[in-house]
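A.B. asks: Input: one structure, supplied below.
The values are calculated or read from the model by the stated rules, or taken from the named source; none is laboratory data. Computed from a prediction, not measured in an experiment: that's the story for all the values here. Every residue, glycine as well, gets a Cβ built from its backbone with ideal geometry; the counts of neighbours run over all protein chains shown.
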Amino acid sequence: MKASRILAAALSLAAASASRAEGPKPSANRERVLALLADYRAEEARDLLRRQNAPDPLLAGLVHHGLYQADSVLAVLAPLHRAGRIDDRAVLALAEAFLWKKDYRNAQALLDAFPRKEDLGYLRVLATQMELVNRHQEALALWDRIIAADPKPWGAMERKAIVLSWKKRFDESIALFSKVAASGAASGPLRLRCRVKKAEVVAWNGDLDGSIKVLDSVLSEHPHHVDASLHKGQILEWKGRYPEAKAVYSAILQKQPDHATARLRLEKLGWAR
């Protein structure tokens, strides 16, 4: 995709239609968007921002970050950073997007210049950096530090559980995912995501039936949850239940005909009866 097309797509959240009804005051919208992002409800933040008549590009960049859209984050926030129109929260989002793109030089430059090295946001990005360069023990130490200091540690607990799974400390990982999933204080989207990730780690730990049980519980409440369906299809393949796996992938494609992963897996099982 050409750079101009990437930029145009990234700025879609920042382009408002004059025909839309005027919503709450910008300051109220800003606080609501930031609160949703802090609660790991980026899709809701995106939808709210799209309803604004004149969305703030900086907020648009933060929403792209919450949705893990690295190219869009860079397209929106990098020009703002060069123009000196960016706050610390957005600087850290930009640094993390550079990390996601494996642009360690630019990420490190932003982190080196960041003035408050004890800031929880800075420590989160630093932990991400440790993850990406396979310094997992250091990443775990940072996540522990964040969890101890953060009044809302649920996102950090999720990241710690992921790193524990990479180190094959499956029981600890499953216990931590379960703790977040069971917490009434964590947001609904985060709890749901942790249930699905827990199922994945349960499977890695050799309990395929237990994993399917967790996924079936998720799908009974969220029947169109694509990640849960993909994980279930994969486990059914591992168990040799190929017709059932094909049915799962076919159901995804009925809702999302362009879903590349589901289509590829279904095509690979073309021989199965």
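A.B. asks: Test S217 against the stated conditions and say whether it is within 20 Å of V180 (Cβ to Cβ) and either part of a helix (DSSP H, G or I) or in contact with a helix residue (DSSP H, G or I) (Cβ under 6 Å, 6 or more places away or on another chain) (or both).
C.D. replies: Yes; evaluated as a whole, the condition is true for this residue.
A.B. asks: Quick check on V226: is it β-branched (V, I, T), in contact with a Gly (Cβ under 6 Å, 6 or more places away or on another chain) and either closer than 30 Å to L140 by Cα or free of Cβ contacts under 8 Å to residues at least 40 places away in the same chain (or both)? Before the answer, list the steps.
C.D. replies: Values: β-branched (V, I, T): yes; in contact with a Gly (Cβ under 6 Å, 6 or more places away or on another chain): no; either closer than 30 Å to L140 by Cα or free of Cβ contacts under 8 Å to residues at least 40 places away in the same chain (or both): yes.
When the stated conditions are applied, V226 does not pass them.
A.B. asks: Restrict the check to region 210-217 and report whether at least one residue is of a type outside the set (S, T, Y) and touching a Ser or Thr at 6+ places or on another chain (Cβ under 7 Å). I'd like the intermediate steps shown before the answer.
C.D. replies: Here is the first cut: in region 210-217, the residues of a type outside the set (S, T, Y) are 210, 212-216.
Subsequent filtering for residues that are touching a Ser or Thr at 6+ places or on another chain (Cβ under 7 Å) retains none.
Checked against the condition, which is being of a type outside the set (S, T, Y) and touching a Ser or Thr at 6+ places or on another chain (Cβ under 7 Å), region 210-217 yields no hits at all.
A.B. asks: Suppose we filter A161, A186, A203, A199 for residues that are assigned to a loop (DSSP other than H, G, I, E, B), buried (at least 20 other Cβ atoms within 10 Å of the Cβ) and either under 18 Å from the mean Cα position of the chain (by Cα) or small (G, A, S) (or both); which single one remains? Don't jump to the end; show me each part of the working.
C.D. replies: Values: A161 fails: assigned to a loop (DSSP other than H, G, I, E, B); A203 fails: assigned to a loop (DSSP other than H, G, I, E, B); A199 fails: assigned to a loop (DSSP other than H, G, I, E, B).
That would be A186, the only listed residue that is assigned to a loop (DSSP other than H, G, I, E, B), buried (at least 20 other Cβ atoms within 10 Å of the Cβ) and either under 18 Å from the mean Cα position of the chain (by Cα) or small (G, A, S) (or both).
A.B. asks: May I pose another question? Keeping to region 92-115, report how many residues are of a type outside the set (A, V, I, L, M) and either within 17 Å of the chain's Cα centre (by Cα) or not in a helix (DSSP H, G or I) (or both).
C.D. replies: Of region 92-115, the ones of a type outside the set (A, V, I, L, M) are 96, 98, 100-106, 108, 112, 114-115.
Filter again for either within 17 Å of the chain's Cα centre (by Cα) or not in a helix (DSSP H, G or I) (or both), leaving 96, 98, 100-103, 114-115.
Number of matching residues: 8.
A.B. asks: Which pairs turn up if I take residues in region 31-59 that are in contact (Cβ under 8 Å) with a residue 12 or more places away in the chain and look for partners that are acidic (D, E) and not in a helix (DSSP H, G or I) with beta carbon separation below 8 Å, at least 6 apart in sequence or on another chain?
C.D. replies: From region 31-59, the pairs are N53/E22; L58/D87.
A.B. asks: So, one more: Has region 58-77 got any residue that is in contact with a His (Cβ under 7 Å, 6 or more places away or on another chain), at pLDDT 90 or above, of a type in the set (V, I, T) and closer than 24 Å to V125 by Cα? Talk me through it step by step, then tell me what you get.
C.D. replies: Quick first cut of region 58-77, residues in contact with a His (Cβ under 7 Å, 6 or more places away or on another chain) only: 72-73, 76.
From what is left, the residues that are at pLDDT 90 or above are 72-73, 76.
Subset that is of a type in the set (V, I, T): 73, 76.
Checking which are closer than 24 Å to V125 by Cα leaves us with 73, 76.
Yes, some residue in region 58-77 is in contact with a His (Cβ under 7 Å, 6 or more places away or on another chain), at pLDDT 90 or above, of a type in the set (V, I, T) and closer than 24 Å to V125 by Cα.
A.B. asks: Filter region 220-241 down to residues that are outside any helix (DSSP H, G or I) and buried (at least 18 other Cβ atoms within 10 Å of the Cβ), then give me how many there are. Walk me through how you get there before you give the answer.
C.D. replies: We begin by selecting, within region 220-241, every residue outside any helix (DSSP H, G or I); these are 222-225, 239-241.
Restricting the remaining residues to those that are buried (at least 18 other Cβ atoms within 10 Å of the Cβ) gives 225.
Looking only at that region, the number is 1.
A.B. asks: Got a sec? Which of R30, R89 is under 27 Å from L123 (Cβ atoms), part of a helix (DSSP H, G or I) and at pLDDT below 90?
C.D. replies: Values: R89 fails: at pLDDT below 90.
Just one listed residue meets the conditions, R30.
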